1. What residue, among those in the stretch 391-416 that are within 16 Å of Gly348 (Cβ to Cβ) and modelled with pLDDT under 95, is farthest from the ligand (Cβ to nearest atom)?
2. Could you count how many residues in the stretch 322-336 are away from the ligand (no atom under 16 Å from the Cβ) and out of contact with any Pro (no Cβ under 7 Å at 6 or more places or on another chain)?
3. Testing Val517 on (1) in contact (Cβ under 8 Å) with a residue 40 or more places away in the chain; (2) in contact with a Pro (Cβ under 6 Å, 6 or more places away or on another chain); (3) away from the ligand (no atom under 16 Å from the Cβ), one condition comes back false. Which one is that?
4. Of all residues in the stretch 78-100, count the ones that are modelled with pLDDT of 90 or more, farther than 19 Å from Ala139 by Cβ and not aliphatic (A, V, I, L, M).
5. Please determine, by comparing only the residues of the stretch 212-257 that are surrounded by fewer than 12 Cβ atoms within 10 Å (Cβ to Cβ) and of a type in the set (A, V, I, L, M, F, W, C), which one is modelled with the highest pLDDT.
6. Which ones in the stretch 294-321 are within 15 Å of the ligand (Cβ to nearest atom) and of a type in the set (Phe, Trp, Tyr)?
7. Could you go through the stretch 308-329 and let me know if any residue there is assigned to a strand (DSSP E or B), closer than 19 Å to Gly469 by Cβ and among the aromatic types (Phe, Trp, Tyr).
8. So for the stretch 438-450 (the condition being over 30 Å from Ser589 (Cα atoms), surrounded by fewer than 17 Cβ atoms within 10 Å (Cβ to Cβ), among the charged types (D, E, K, R) and out of contact with any helix residue (DSSP H, G or I) (no Cβ under 6 Å at 6 or more places or on another chain)), does at least one residue qualify?
Amino acid sequence: MCGIVGIIGVEEAAPLLLEALRRLEYRGYDSAGIATLVEGRIERRRAAGKLDNLARELAAEPLRGTIGIGHTRWATHGRATRNNAHPHLSGGVAVVHNGIIENFQNLRAELEAAGRRFETDTDTEVVPHLVAQYLASGAEPVEAARRAVGRLEGAFALAMLVTGTQEFLLVARRGSPLAIGYGEGEMYVGSDALALAPLTTRIQYLEEGDFAILDREGARILDAEGRPVERPIIRTALSGAMIGKGNHRHFMEKEIFEQPSVLGDTLRAFADPGDHRISLPELPFALDAVPRLAAVACGTASYACLIAKYWFEGLAGLAVDWDIGSEFRYRAPVLQPGQAGIFVSQSGETADTLAALRYMKERGHPCLAIVNVPESSLAREADSILRTLAGPEIGVASTKAFTTQLATLACLAIGTARVRGRLTPEREAELTRALDEVPARVLQILQQQRLFREIAEELANARDVLYIGRGTSHAVAMEGALKLKEISYIHAEAYAAGELKHGPIALIDETVPVIVVAPRDALFEKTTGNLQEVAARGGRIILFSDAEGCGQLAPYCWRSVALPACDPFVSPILYTIPVQLLAYYTAVSKGTDVDQPRNLAKSVTVE
Ligand code: F6R
């Protein structure tokens, strides 16, 4: 959700800023811009569309200067035009911003009444105007910027350049993440450490309400009350190389094919292969005593929570309230005393998931985050975290983050079932063995890529696609439909297979492919019945089951893919792979922008 970056250094800043923006483009990519300070004056280049357009502008008209700020945008206020692209400029102040300034209309009215002229439709433009107004009234730059930030409501991260002889970057964090990077005689700031990975590994995360002044020697940080504070400088393990595409055409493809390895890494954190027992770290609540859980997340991560609900309830007898982040805090959830929250997120910056965590924490409930970015806001605010070891996920559509979330939740559910006396050692050994086998089984599925590519070529002609499944496979169907929609732009919906006859079955004809997720679990026969109802109405069925299931249902199916036989407990992890591959190859066949689908952004830091 918008990426921001700033550099104050010794080399020309614009090429470094552009490179850093490439690493942030996953956050938003509808327009971009850079401003630098050259001999006391601010110059800027901006372009609508992808970063390549800005690169062309810069090649035609290079920007000089060793201090600058840059931005890649995901539009919230105002269309994705060049004019609305950041940095925004007024009275010698340039600003890049991530987040939303909620009181911008009031501020704009006030500033316009004072005679200031606005040029854009954005909420951001009030910031340079406010700072410029305070400068005009005699305030020093730092004071002017701090007073301006004090007037803003909402969640934001800001970086500012101020015209003048003194060179520094001013940055502020409230609600949106910001990382400061330390170089040799150079300082950097970025929306995340990934942006700064090729420049430095020494990173300092700003805390809520922090304001910082960066010069070439270091950073001076003030907390929300204006007191000087120290924040720890940590070494990140991220490197520039970690975010290449390797031999793959897209990040999404690379990330799908990384799953055997990252699932292995994630599972090994909870169980040694051969040990057949899950070991969990200390949690902020007692698994044997907690009366109920709330599992909250957004998008794909919310489907991981839905699957976890089946696991916790079915295996451990522990009730789970499944919620979507954007709904949770607005529906006055009834929370039981002692109820714990589990919050699942790849980025750890999703605004609604964070807000849900804060809602529960404020009411005194213990909160656990399952998160892929350990330095993220969610990770820092939760009482404790379980880390998914997926590594950086760059493709906008979540793949390896989702399956590693499932692996983590599966281990948590097994551990919970054991301490609640619901699992014999034999059954625990069976389940952990099934989990141990997951990476190898995933590899087997990935090796069938040719088959998925063939099916996808046909699917690419569809206008609507339905996905059905029962139990955990309903959630896998939901994930499949989301993946197809977001990267191929084909309309897709998921239904619990038993619900079809209550309405959606009216959609079935020979033009609507129906993807049936049917592992041979306790509900297989029921799903089979629903599949036959579709077949009887001329539906074109694509079946995912194991060899026996496919053999049995072959007469009713247009295409079927036999997946490795598995314990039904792990089927949600394995059956996710085909829905990912199908979506990916369909998008490739349609020629859409797989890694940066239209209108989307990787990290949704606004409500
Ligand atoms: C879909 C997708 C999104 C995210 C959602 C939550 O492919 O990636 O639905 O799952 O925006 O993001 P995180 O996991 O970062 O909280």
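The values are calculated or read from the model by the stated rules, or taken from the named source; none is laboratory data. Because the structure is predicted, anything quoted here is derived from the model rather than measured. We place every Cβ from the backbone using ideal geometry, glycine too, and count neighbours over all the protein chains shown.
1. Top of the filtered list is Gly391.
2. So the first thing to find is which residues in the stretch 322-336 are away from the ligand (no atom under 16 Å from the Cβ), and the list is 330-336.
Applying the additional criterion that residues be out of contact with any Pro (no Cβ under 7 Å at 6 or more places or on another chain) yields 330-335.
Of the residues in that region, 6 qualify.
3. (2)
4. If we filter the stretch 78-100 for residues that are modelled with pLDDT of 90 or more, which is where we start, we get 81-98.
With the extra rule that they be farther than 19 Å from Ala139 by Cβ, the set shrinks to 81-88, 96-98.
Add one more test, that the residue is not aliphatic (A, V, I, L, M), and what stays is 81-84, 86-88, 97-98.
Residues meeting the conditions: 9.
5. Ala237
6. Taking the stretch 294-321 as the starting set, the residues that turn out to be within 15 Å of the ligand (Cβ to nearest atom) are 295-308.
Scanning the stretch 294-321 gives a single hit, Tyr303.
7. Yes, there is a match, as at least one residue in the stretch 308-329 is assigned to a strand (DSSP E or B), closer than 19 Å to Gly469 by Cβ and among the aromatic types (Phe, Trp, Tyr).
8. Quick first cut of the stretch 438-450, residues over 30 Å from Ser589 (Cα atoms) only: none.
No, every residue in the stretch 438-450 fails to be over 30 Å from Ser589 (Cα atoms), surrounded by fewer than 17 Cβ atoms within 10 Å (Cβ to Cβ), among the charged types (D, E, K, R) and out of contact with any helix residue (DSSP H, G or I) (no Cβ under 6 Å at 6 or more places or on another chain).
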